[in-house]
Each structure stands twice: as C-alpha cells, then as structure tokens.
Amino acid sequence: DAKTTQPPSMDCAEGRAANLPCNHSTISGNEYVYWYRQIHSQGPQYIIHGLKNNETNEMASLIITEDRKSSTLILPHATLRDTAVYYCIVRGFAGGTSYGKLTFGQGTILTVHP
Amino acid sequence: EAGVTQFPSHSVIEKGQTVTLRCDPISGHDNLYWYRRVMGKEIKFLLHFVKESKQDESGMPNNRFLAERTGGTYSTLKVQPAELEDSGVYFCASSRTGRNEQFFGPGTRLTVL
C-alpha cells in the first residue's frame, strides 16, 4: 500500500470547517483513500473513503485531487467531540471492494477549541 | 446492531505468564482483524481471518502469539509467554465481505510487568 504523509497536528475553532490534508504521491490506480479517526481511549472509527471522485457522507467530505496524489478531509462544522487523531490510509482493492489490512501512520492530531 | 466487543478491557500480568484476549465481531461479519498499538508507536496490523481461515498473518510478531477463530465466530489471541514489550492496546475489527469499512472494538489494554 502507498505511503501517506500528514501534518502532525492542527487546530480548529468550534463551528468552523476543519480541513485535514494528506499526501499520497505514490498511490496506484487500484488503491482507495480511507480516513479513520481515533478519539481518545476508543478504537479507530471509519469516516469515509474514495477512489477518485469526491465523496460526502453524514460525517465528512473527501476531496481527492485529479491526479490522486493528495486529498483533503473536510469536517464542515467541527465540534469539540471531533478532537481526535485522524488517519489517512491508502489501501488496494479487488473485485470492487477493498480488502485486507489497514496500514496506520502517525496521523494528524486535530484539536477543536471553543 | 451490537458493535465489536473485546474482553477483557484491561489485563495486567507478569512477564512469563499467559494471557488470552477475546474478540466478538459484529454478527455476520466474515472478516476479523487484530491490530495492536505498543507504547509510542503506530497501530500495527497483526492478522486477518476470513471466517475461520487465516487470510494474512504477516503482522504476527513471533511464535509467542497464537490467534484462533474456531467456527468462524469469535476469535482469541493468546500470548504465551508474555514479555514486557507486548504491553499495549490490542484492537479487534470486523467487516462484512464486499464492504469497505472495518468496525473496531474498544481495545484491550495489556500491561506486562
């Protein structure tokens, strides 16, 4: 799986949008971009994933550049409960769905402050 | 539906002892994964079951670790004998075949003294 690079930490004001960047310049055509987060003392939580089109769900939006070498996770209205470590993960797929292990990096510590 | 559950939530043992961790995946999830985070390090993959078969055990650190999933339901991870460096948080995750997201349990915090 391709390696990802994320800033170690970011701050965001409550109610504002949080934009978390991720570089994955060596991503290959059969690899998805996934985002997970880990709130303190809990297990990682799936947020969103995408292949090449932008995606949106009830938690966040994922913007993937046209060359697929980077992406941005957007939390549109951050709350204090969004304070967590956010992981950008690239994973291959077969048969239309991803499979196998997730490779976690250091992630980005997002702190949402009042 | 109930989420992934893990037992125990905490375990404190002495070096050389044996510990068995249990994971109950979400009902109907054929895929079960074990991960761990040791102090100061990243979350690392240990192994992946598809039903009762080991699909990928490339992350198992050594032969002191034994994972089983008899009957394709719950899984156990046994550490025997435990060493100091085994201390950390062990996570279990499950997923449905054909779906992309993995659902994680709360983890078991293992402390080896």
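Annotation: the antiparallel percentage among DSSP beta bridges lying fully within the protein assembly as shown is about 90. Shielding value for B:94-105 is 5, the average number of Cβ atoms from other chains within 10 Å of each residue's Cβ.
Computed from phi, the 3J(HN,Hα) profile of segment A:42-51 under the Karplus parametrisation 6.51, -1.76, 1.60 (θ = phi - 60°) reads 10, x, x, 10, 5, 10, 6, 8, x, 9 Hz, with x in place of Gly and Pro. Counting 0.36 nm for each residue step from A:THR111 to A:ILE63 and taking away their Cα separation leaves a gain of 15.2 nm. Other protein chain C-beta atoms within 10 Å of residue C-beta, averaged over B:40-48: 4. Measuring against 30 Å, Cα to Cα, the residue pairs A:LYS69/B:LYS78; B:LYS15/B:LYS54; A:LYS69/B:LYS44 contain A:LYS69/B:LYS78 as the ones spanning a longer distance. Charges were assigned to the Cβ only: +1 to each Lys and Arg, -1 to each Asp and Glu. The resulting dipole of chain B about its Cα centre is roughly 60 debye.
What Cys residues in the protein assembly as shown are without a partner cysteine, judged by a Cβ distance under 4.7 Å? Isolated Cys, the protein assembly as shown: A:CYS12. Here the gap between B:ASP30 and B:ASN62, fully extended at 0.36 nm per residue and compared with their Cα-Cα distance, gives a gain of 9.0 nm.
For segment A:1-48, trypsin sites (Lys or Arg not before Pro) meeting the loop criterion (DSSP other than H, G, I, E, B) and having at most 16 other Cβ atoms within 10 Å: A:LYS3, A:ARG16. Report, in whole Å, the centroid distance computed from the Cα atoms of segment B:80-113 and segment B:16-78. Segment B:80-113 and segment B:16-78 have Cα centres spaced 7 Å from each other.
What residue among A:GLN6, A:SER61, A:GLN38 has its Cα farthest toward the positive end of the dipole of segment A:1-78, where the charges are +1 on Lys, Arg and -1 on Asp, Glu, each on the Cβ? Highest projection toward the positive end goes to A:GLN6.
The GluC sites (Glu not before Pro) of segment A:1-85 that DSSP puts in a loop, and whose beta carbon has at most 15 other beta carbons within 10 Å, are A:GLU14, A:GLU58, A:GLU66. For chain A, a crude dipole built from +1 on the beta carbon of Lys and Arg and -1 on the beta carbon of Asp and Glu, taken about the Cα centre, is about 220 debye to the nearest 20. Excluding B:SER75 itself, calculate the net charge of residues whose Cβ lies under 13 Å from the Cβ of B:SER75, where each Lys or Arg counts +1 and each Asp or Glu counts -1. So the environment of B:SER75 carries a net charge of 0.
Dipole orientation for the protein assembly as shown: of the candidates B:GLN80, A:VAL85, A:THR72, B:GLN80 has the Cα lying most toward the positive pole (charges on Cβ; Lys, Arg +1; Asp, Glu -1).
Between B:THR97 and B:LYS15, the FRET efficiency from the beta-carbon distance, with R0 = 25 Å, is close to 0.05.
Values in this text are rule-based calculations from the coordinates and carry no lab data. A quick note: this is a predicted structure, and the numbers were derived from the prediction, not measured. Cβ: placed from backbone, ideal geometry, glycine included. Neighbour counts: every protein chain shown.
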